[in-house]
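Data first, discussion second: the structure below is written as structure tokens.
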Amino acid sequence: MLSKSQYLYQAKLIIDCFPKEDYNSIPKETLKYIEDNMKVDSNIVINPEISLEEQDIDPQTWEFLQKIADDVSNNEFYEEYKKEIDEYINITNEQNEGFKARIDNINLNKDVLKLKKENQKIPKAKELIFGYQQVIANKDKKINQLEQECNSLKEMLDKIPKFIKMLFLRNKKVKLLKEKNNWYVGENMNTNGKQRLWFCSDYGLEYRSIIKKLIENDEKFYIVTHDKETKWRNLTPLFQKKIMRESLKGSIIYGIGLDGSIPGANIANLDVELQDNGNNISALEQATEILGIKMSLDEQFIAAYASNGISGVNSIAKKLRLKENEAENIVENILIRNHQAMGISIEREAELAKKVNTSMQKIKTDYETTVAIDNLLNSEFDLVRN
């Protein structure tokens, strides 16, 4: 294994064999770093007439060259989209602010409506209190009346000779309601390419972006209803016959968001795929490659989210040299639009936003709230990205 200075020298020899255009694409700071840290070694030789695979290239040299290739690729990506970045961020921020305003408005209206209902109870409560006071006053009046009658009866009884009282009260369950000078009344109370044909699900932001591309490029497609069992064999017999006829003509039948196949049909399902380099490639990326078109900056972020989630969006943001808060705003925007494309209503989003913010002790940022809502949706409805 070569030392650092040696593998840098080997990398330098290889780079010197690059065509001028490729050589000039390497950042100058990278070339300077090599020059400053390499050490010339006459034992290290590169033959430009022989492929590198047939020569003794150190693994560290390969790794360093791969890093240069990644840097060049990232720089080219940045140069390609840098003119769109500022406008895209502004549009994203405006969309986010508009959506948050709608959410706040919905929750505010709910609070106002709740307050109005509570206020409507006040007159009724006053009426109940006044009625209760009247009942108590009438009860007190009745008690006083009964007390007077009882006292009169007692005085009258006291005047009757004892032997006569015994005759009148024999076998009678008479009870004077008197105890320590207090009177008790009442009871207990109760209270409750080739020729192509596309079959696409429109579920989610990625699939809808693909449909948009198909429309823009005059592709022939059908939209199928999405559910957890969206499979080719579940399509109607009419569609299955059409698929077989098109297959016999040599057409390729592309499926977006469908599983399985139809025996004998020329079907190609587009879904997230793992590439040899270890990166996932989304259905949107595959579709644009088939159509031979370039993805917009927004579609780059949508595809990155579809294939690698939030980390994928952050990876694109890093290539574009965006700040952390700018990347978070883009993630928030993608999540919100994806929820809408999955059929989540603005009212449901507002309800979940309130639930998230009231259940957490620490006040959440808009970004954290949106990510928490996304997690809730994934867990409650099993809306997991595929």
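So that you can scan it fast, the table gives a plain yes or no per residue for (1) in contact with an Asp or Glu (Cβ under 7 Å, 6 or more places away or on another chain); (2) modelled with pLDDT under 90; (3) outside any helix (DSSP H, G or I); (4) not acidic (Asp, Glu):
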| site | (1), (2), (3), (4) |
| --- | --- |
| Ala11 | no, no, no, yes |
| Ile14 | no, no, no, yes |
| Glu35 | no, no, no, no |
| Glu53 | no, yes, no, no |
| Asp70 | no, yes, no, no |
| Asn75 | no, yes, no, yes |
| Lys82 | no, yes, no, yes |
| Gly98 | no, yes, no, yes |
| Arg102 | no, yes, no, yes |
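Please work out which one of (1) surrounded by 19 or more Cβ atoms within 10 Å (Cβ to Cβ); (2) modelled with pLDDT under 90 is the condition Leu274 fails and give its number.
For Leu274, the exception is condition (1).
Only one of (1) modelled with pLDDT of 90 or more; (2) not assigned by TED's automatic domain parsing to the domain that holds Leu258 fails for Asn386. Which number is that?
That leaves (1) as the condition not met.
Name the single residue that is surrounded by the fewest Cβ atoms within 10 Å (Cβ to Cβ) among those in region 82-108 being closer than 19 Å to Ala317 by Cβ and in contact with a Lys or Arg (Cβ under 9 Å, 6 or more places away or on another chain).
Lys82
Does region 210-230 contain at least one residue that is in a helix (DSSP H, G or I), surrounded by fewer than 17 Cβ atoms within 10 Å (Cβ to Cβ) and out of contact with any strand residue (DSSP E or B) (no Cβ under 9 Å at 6 or more places or on another chain)?
Yes.
Of Glu328, Glu324, Glu285, Glu299, which residue is surrounded by fewer than 13 Cβ atoms within 10 Å (Cβ to Cβ), on the phi < 0 side of the Ramachandran plot and among the acidic types (Asp, Glu)?
That would be Glu324, the only listed residue that is surrounded by fewer than 13 Cβ atoms within 10 Å (Cβ to Cβ), on the phi < 0 side of the Ramachandran plot and among the acidic types (Asp, Glu).
For residues in region 293-322 being of a type in the set (Ser, Thr, Tyr) and in a helix (DSSP H, G or I), which is farthest from the chain's Cα centre (by Cα)?
In this case the residue turns out to be Ser315.
The values are calculated or read from the model by the stated rules, or taken from the named source; none is laboratory data. What you see is a predicted model; the values in this text were computed from it and never measured. For neighbour counting, all protein chains shown are included, and Cβ atoms are generated from backbone atoms with ideal geometry for every residue, glycine included.
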